[in-house]
Amino acid sequence: MNTITVKDGTQIYYKDWGKGQPVVFSHGWPLTADAWDAQMLFLGQRGYRMIAHDRRGHGRSSQPWDGNEMDTYADDLAALVEALDLKGAVHVGHSTGGGEVARYIGRHGTKRVSKAVLIGAVPPLMLKTAANPGGLPMAAFDGIRAGVVADRSQFFQDLTTPFYGANRPGSKVSQGARDSFWAQGMQAGHKSAYDCIKAFSETDFTEDLKRFDVPTLILHGDDDQIVPIGASALASAKLVKGATLKVYPGFPHGMCTTQADQINADLLAFLKT
């Protein structure tokens, strides 16, 4: 397997497919690099180099007790970019991975970055606060923690319903896609997955977004039941200078899977601009 070892000894697994301009993918919680397969195959067949890693504690990477927070996630990503000596890379992040991309740019700048894409992403802040009244209450995330602790296998199965909009008329998600989500989730370390809930819900990415100085595309479904669009994409588009926002009517959080053809086409168009 392709791995790098970062400074605290954690091994980070990654895929590196194809040749051309590098496109680096950061996945959501509690998934793995495999969540990007539809995008990686499509873009790889069109002349791009596809790179996707399993976040620490997820998938085939190590399961460290510590470091399951956004600063370290971003530093792990930077270590991978530097180990592969990537230049002019396009960084694409979904959900929690969108936070990882934002914090990476916030901490490490854009000297190796040419463009960024945030898809159904958690920035600027998911948690409801006095300054962020459109966010979700802490009780929502406490409920996720309780579900993961009580029976994470069943919780991950149940989570596929809102994640892919399976509770909506005309849902396009297959049982196979839902099973894949569960299988990926069960690869995550229990402590790592638990800690990541705090990371994706309580991290404020406002200042990170203000540091973006590359062309940025923000994609979000207006029926996202996991990361509501009001406190995420609509707010991020106001913070990232010159960002392009595209809202998909009726699309769910997991639209990279359920509406892969549309997302792939829009990614390709952005890469070519």
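Worth a mention:
- Across the range 115-242, the relative contact order, built from alpha-carbon pairs under 8 Å that are at least six residues apart, equals 45 percent.
- The calculated FRET efficiency for the pair L268 and L234, based on their C-beta separation and a Förster distance of 25 Å, comes to about 0.50.
- Apolar share of the accessible surface for the chain: 53 percent from carbon plus sulfur atoms, 1.4 Å probe.
- Phi angles across the range 84-89 convert, under the Karplus curve 6.51 cos²θ - 1.76 cosθ + 1.60 with θ = phi - 60°, into 3J(HN,Hα) values of 8, 6, 7, 9, x, 6 Hz, Gly and Pro given as x.
- Spin-label pair S174-S153: with each label point 7 Å from Cα along the Cα-Cβ axis, the two points sit 2.4 nm from one another.
- Residue with peak Gaussian network fluctuation, the chain [Cα springs, cutoff 10 Å], from I51, I263, I12: I263
- Accessible area per residue was computed with a 1.4 Å probe on protein heavy atoms; K172 scores about 150 Å².
- The largest accessible area among R49, R145, R56, R211 belongs to the first residue in R211, R49, R145, R56, and the rest follow in falling order (1.4 Å probe, all chains).
- Counting only Cβ charges, +1 for Lys and Arg and -1 for Asp and Glu, the dipole size of the chain around its Cα centre is about 680 debye.
- Grouping the Cα pair distances of the range 124-194 into 10 Å bins from zero gives a pair-distance distribution of 18, 38, 34, 9, 0 percent in increasing distance order.
- S192 accessible area, assembled protein chains, probe 1.4 Å, Å²: 0
- Dividing the radius of gyration of the alpha carbons in the chain by their Kirkwood radius gives 0.92 for Rg/Rh.
- Of K15/K115; K7/K210; K87/K241; K7/K191; K128/K210, pairs whose Cα-Cα distance is over 24 Å: K7/K210
- For peptides 174-181, 136-143, sequence by mean Cβ density within 10 Å, most packed first: 174-181, 136-143
- Computed from the C-beta positions of T206 and V247 and an R0 of 22 Å, the FRET efficiency is 0.60 to the nearest 0.05.
- In the context of the full set of protein chains, the range 114-181 has a per residue accessible area of 45 Å² (1.4 Å probe).
- Rh (Kirkwood; distinct C-alpha pairs) - the range 7-163, Å: 16.5
- Basic side chains Lys and Arg get +1 at the Cβ, acidic Asp and Glu get -1 at the Cβ, and with that the dipole of the range 129-223 about its Cα centre reaches some 240 debye.
- Rg to Rh, two decimals, where the range 193-273 supplies the alpha carbon set and Rh follows Kirkwood: 0.98
- Based on protein heavy atoms only, the range 1-97 ends up with 36 Å² per residue of surface accessible to a 1.4 Å probe.
- Across the chain, Cα pairs under 8 Å and at least six residues apart give a relative contact order of 21 percent.
- Note on surface exposure: R55, R112 rank R112, R55 by accessible area, highest first, 1.4 Å probe.
- Our coupling estimate for the range 195-201, obtained by passing each phi through the Karplus curve with A = 6.51, B = -1.76, C = 1.60 and θ = phi - 60°, is 5, 5, 4, 4, 4, 7, 9 Hz, Gly and Pro reported as x.
The values are calculated or read from the model by the stated rules, or taken from the named source; none is laboratory data. Every value quoted in this text rests on a predicted model; they were computed, and no experiment measured them. Note that we place each Cβ from the backbone using ideal geometry, even for glycine, and neighbour counts take in every protein chain shown. To get the accessible areas, we keep the full protein, side chains included, count just its heavy atoms, and leave off ligands, DNA and RNA. Shrake-Rupley method; radii C 1.70, N 1.55, O 1.52, S 1.80 Å.
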